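Working notes for the structure below.
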Amino acid sequence: MSKIALITGATRGIGKQIAITLAKSGFDVAINYRTENEDLENTKKAIEENGVKCLAVKGDVSNFEDCEAFVKQVIDEYGKIDVLVNNAGITRDTLIMRMKEKDFKDVIDVNLTGTFNVTKNVVPYMMKARSGRIINISSVVGITGNAGQTNYSASKAGIIGFTKSLAKELGSRNVLVNAVAPGFIETDMTAVLKEDIKQNIANQIPLKRMGTPEDVANVIKFLASEESSYITGQVINIDGGMVM
Ligand code: NDP
């Protein structure tokens, strides 16, 4: 019986690559999406090309009822969820003097509350199965902080606390909970940065380049595999050595 992975925010960027990489290693995949567009169709196709199933489930992770409904859809279709990757995330970067309450709230609602909303609905099935992997996408700025990202850094630091607490709650049920903290990864999220700023950032990274979605997806693949069965409650940086 194939293993099942649910990935949130999987139509583009890092989430898309995680879904494709897990499909390549034989997972049947459920991809959560918020916006219906050609990204969704392309992702679905790229997953199915690997001979596995792909179920696309619509829902905004910041809405608890949406999450309840799409998790149920995945269970109805596949009967279980072996791996959950909480990937959906947004930025609303600006200095606190200019930050609106909505900029703060929206980022917390999607990144942190969204992680809770999906996890809360998946955990009962993993506990019952006495098996499961939950992998949360944090960020290096959740560890270091970053000017212009009080909202985003707070959400990503919150994810780290959430991960460690949940790892302690679920360890005895053989549900492993970890986070990854990517550095600068080339996706739409970072495409807004000017070329000279990107170059500047790359120069400060020991490996002298920005990361790729594949760099992140390969670590997720490891954390979803049997090879990582004695790792829980950890935060793994994927940042070319940016933060040590
Ligand atoms: P992108 O902006 O490229 O993609 C984000 C994805 O999340 C999209 O599919 C988007 O869907 C989805 N999404 C956003 N909000 C919601 C929501 N409320 N409900 C469901 N889906 C949603 O981002 P990245 O791929 O770069 O980032 C993925 C994750 O990695 C995020 O958590 C991000 O914070 C984290 N990260 C990224 C880094 C980077 O350098 N890129 C560095 C560190 C962490 P839609 O098309 O509908 O907007």
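Nothing in this text is a laboratory measurement; each read-out follows from the coordinates by a stated rule. Since the structure is predicted, the reported quantities are computational estimates derived from the model, not experimental observations. Every residue, glycine as well, gets a Cβ built from its backbone with ideal geometry; the counts of neighbours run over all protein chains shown.
Please state, as a whole number in µm²/s, the translational diffusion coefficient that the Stokes-Einstein equation yields for the chain at 37 °C and 0.692 mPa s, with Rh defined as the Kirkwood radius across alpha carbon pairs.
Details: Rh = 18.0 Å.
For these conditions, the coefficient is 183 µm²/s.
Given the rule -39500 (n - 2.57) for each run of at least 4 DSSP H residues, summed and divided by the residues of the chain, what is its mean residue ellipticity at 222 nm, to the nearest 500 deg cm²/dmol?
-14000 deg cm²/dmol
Among 30, 154, 88, whose mean-square fluctuation peaks in a Gaussian network model of the chain (Cα, cutoff 10 Å)?
Comparing 30, 154, 88 in a Gaussian network model of the chain, the most mobile one is 154.
Just going by the charge dipole of the stretch 103-164, with Lys and Arg at +1 and Asp and Glu at -1 on Cβ, which of 163, 107, 143 is farthest out on the positive end?
163
Eigenvalues of the Cα gyration tensor times 5, then square-rooted: what semi-axes does that give for the stretch 188-244, in whole angstrom, largest first?
Each semi-axis is the square root of five times an eigenvalue, giving 27, 13, 9 Å.
For the stretch 1-85, what does the alpha-carbon gyration tensor say about shape, rounded, prolate or oblate, given a ≥ b ≥ c as the root eigenvalues, a/c under 1.5 as rounded, and a/b over b/c as prolate?
Oblate, since a/c reaches 1.5 and b/c is not below a/b.
With +1 on each Lys and Arg Cβ and -1 on each Asp and Glu Cβ, how big is the dipole of the stretch 1-101 about its Cα centre, in debye rounded to the nearest 20?
Dipole magnitude for the stretch 1-101 comes out near 320 debye.
Run the dipole for the chain about the Cα centre, Lys and Arg Cβ at +1, Asp and Glu Cβ at -1, nothing else charged, and hand back the magnitude in debye, nearest 20. Mind dumping the intermediate values first?
On the way: 29 positive and 29 negative charges, 121 e Å.
That gives the chain a dipole magnitude of about 580 debye.
What residue among 65, 48, 195 has the largest mean-square fluctuation in a Gaussian network model of the chain, using Cα springs under 10 Å?
Answer for the Gaussian network model of the chain: 195.
With +1 on each Lys and Arg Cβ and -1 on each Asp and Glu Cβ, and nothing else charged, work out how big the dipole of the stretch 148-244 is about its Cα centre, in Debye to the nearest 20.
It comes to approximately 280 debye.
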